[in-house]
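One structure is given below, encoded as structure tokens.
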Amino acid sequence: MTDFGTDITEELTWHRVSGLENLARAIARRYITPRGALWYAPNYGLDLRVYLHEAVTPERLEELRILVEQECEKDPRVLFARAEVNVEPGHRLQVRIVAETDDTPVELVVSVDRLNVEVLNAYPG
């Protein structure tokens, strides 16, 4: 099985996470970070929260799907990604991602609201 690395949690509780949880959290962080916010990685991030304030059309959802896939594929552990973006009641987006890695696909479900991007499910596909 692929080693997805180890990191500390972003909540600053200093808990270590590794494996699939580490990959899932790293991908989710990309969707809460505004592009250009990291001086050392100016092309990192796609803050999906900004899209919650825009009119949602089928064209916009397709654009978001493509942007989500492209951002996920920037992670070097991801070979390619497929995504589905849906609008939910209460100004929420639900993003389903299948990220192909070296030896197994990883399926993620991410919920986006005005404040948070949260991994709802992450499991080997």
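In segment 95-113, the residue that is surrounded by the most Cβ atoms within 10 Å (Cβ to Cβ) out of those that are of a type outside the set (A, V, I, L, M), more than 12 Å from TYR31 (Cα to Cα) and in contact (Cβ under 8 Å) with a residue 24 or more places away in the chain is THR101.
Picking from residues in segment 69-125 that are small (Gly, Ala, Ser) and in contact with a Leu (Cβ under 6 Å, 6 or more places away or on another chain), the one that is modelled with the highest pLDDT is SER111. Screening ARG25, ARG65 for residues that are of a type outside the set (Ser, Thr, Tyr) and at pLDDT 95 or above leaves exactly one candidate, ARG65. Do you know which residues across segment 55-83 are surrounded by 15 or more Cβ atoms within 10 Å (Cβ to Cβ), more than 12 Å from ALA99 (Cα to Cα) and of a type in the set (D, E, K, R)? Across segment 55-83, the qualifying residue is only ARG65.
Of all residues in segment 59-94, none satisfies the criterion of being in contact (Cβ under 8 Å) with a residue 60 or more places away in the chain and touching a strand residue (DSSP E or B) at 6+ places or on another chain (Cβ under 6 Å).
Screening ALA41 on (1) over 24 Å from TYR123 (Cα atoms); (2) surrounded by 14 or more Cβ atoms within 10 Å (Cβ to Cβ); (3) small (Gly, Ala, Ser) shows it passes everything except condition (2).
Can you pull out the residues in segment 66-125 that are part of a strand (DSSP E or B), in contact with a helix residue (DSSP H, G or I) (Cβ under 7 Å, 6 or more places away or on another chain) and among the basic types (Lys, Arg)? Scanning segment 66-125 gives a single hit, ARG82. Each residue in segment 66-99 was checked for being within 12 Å of the chain's Cα centre (by Cα) and more than 14 Å from SER111 (Cα to Cα), and 13 of them qualify.
The values are calculated or read from the model by the stated rules, or taken from the named source; none is laboratory data. A quick note: this is a predicted structure, and the numbers were derived from the prediction, not measured. Note that we place each Cβ from the backbone using ideal geometry, even for glycine, and neighbour counts take in every protein chain shown.
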